[in-house]
Amino acid sequence: MRVIGLDYGTKTVGVAISDEMKLIAQPLTTIERKQANKLRQTYAAIEQIIVEQQVELIVLGYPKNMNNTEGERVEATKEFKEALERRTGLPVVLVDERLTTVEANRILEDTGVAVSARKEHIDKMAAAIILQNYLDMEYNKKNS
């Protein structure tokens with residue numbers, strides 16, 4: 001069984017997947033939508049990935065502000081979390097996502113991805129960072 005990582009944005013959801021040993025996260029895809037509040041196809045795409053990849057847990061980025069307060073994106077993320085739990089029957093764990101987009105952009109830059117091509121990869125890379133942070137925390141809990 002695997003773990004899926006999601007970076008939930010207003011128009012996209014970056015998706016990452018763990019290996020079966022739950023040690024390594026890798027970017028998978030980006031789900032796009034035309035309107036922020038139109039989520040039916042987004043949920044369907046996530047549900048399909050869950051079945052195809054044999055996912056047992058969802059890790060969702062939690063967009064707190066840099067000063068640790070919760071803004072309007074947090075409310076939307078909490079609603080998305082609750083809907084995912086209802087629709088999939090899987091637990092959803094929230095993981096701090098502060099600076100993941102900055103880190104994803106740095107990784108893409110360091111690996112030579114052109115600025116014009118980064119938009120295509122940034123959300124799924126951010127999802128992979130969120131998921132890897134979770135996997136590392138779980139690994140450290142088990143081995144400490």
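Kindly provide the set of residues from segment 32-55 that are surrounded by 13 or more Cβ atoms within 10 Å (Cβ to Cβ) and either in a helix (DSSP H, G or I) or modelled with pLDDT of 95 or more (or both), ordered by number.
If the condition is that a residue be surrounded by 13 or more Cβ atoms within 10 Å (Cβ to Cβ) and either in a helix (DSSP H, G or I) or modelled with pLDDT of 95 or more (or both), then Thr42, Tyr43, Ala45, Ile46, Glu47, Ile49, Ile50, Gln53, Val55 are the ones that fit.
Being closer than 13 Å to Ile129 by Cβ and either surrounded by 14 or more Cβ atoms within 10 Å (Cβ to Cβ) or not hydroxyl-bearing (Ser, Thr, Tyr) (or both) is true for just one of Asp96, Asp19, Asp110. Which residue is that?
Just one listed residue meets the conditions, Asp96.
Starting from segment 78-99, keep only residues that are hydrophobic (A, V, I, L, M, F, W, C), then list their pairs with residues that are open to solvent by 60 Å² or more (accessible area, probe 1.4 Å) and not in a helix (DSSP H, G or I) whose Cβ atoms are within a distance under 8 Å, requiring at least 6 positions of separation or different chains.
Leu90/Glu56
Residues checked against (1) touching a residue at least 24 places away in the same chain (Cβ under 8 Å); (2) over 26 Å from Met21 (Cβ atoms); (3) out of contact with any helix residue (DSSP H, G or I) (no Cβ under 7 Å at 6 or more places or on another chain); (4) crowded, with 16+ Cβ neighbours inside 10 Å:
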| position | (1), (2), (3), (4) |
| --- | --- |
| Val115 | no, yes, yes, no |
| Asp123 | yes, no, yes, yes |
| Tyr139 | yes, no, yes, no |
| Lys142 | no, no, yes, no |
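Could you give every pair whose Cβ atoms fall below 7 Å, whose first residue belongs to segment 27-51 and is without any contact (Cβ under 8 Å) to a residue 12 or more places away in the chain, and whose second residue is surrounded by 10 or more Cβ atoms within 10 Å (Cβ to Cβ), counting only separations of at least 6 or pairs across chains?
Every condition considered, the pairs that remain are Gln41/Arg33.
When you scan segment 36-53, do you find a residue that is more than 23 Å from Met1 (Cα to Cα) and either under 15 Å from the mean Cα position of the chain (by Cα) or of a type in the set (A, V, I, L, M) (or both), even just one?
Checking segment 36-53: at least one residue is more than 23 Å from Met1 (Cα to Cα) and either under 15 Å from the mean Cα position of the chain (by Cα) or of a type in the set (A, V, I, L, M) (or both).
For Ala76, which of the numbered conditions (1) outside any helix (DSSP H, G or I); (2) crowded, with 16+ Cβ neighbours inside 10 Å; (3) at pLDDT below 95; (4) not hydroxyl-bearing (Ser, Thr, Tyr) fails to hold?
All conditions are met except number (1).
The values are calculated or read from the model by the stated rules, or taken from the named source; none is laboratory data. Quantities reported herein were computed from a predicted structural model and do not represent experimental measurements. As a convention, Cβ positions derive from the backbone with ideal geometry for all residues, glycine included, and neighbour counts pool all protein chains shown. In case anyone asks, the SASA skips ligands and DNA or RNA and just uses the protein heavy atoms, side chains included. Shrake-Rupley method; radii C 1.70, N 1.55, O 1.52, S 1.80 Å.
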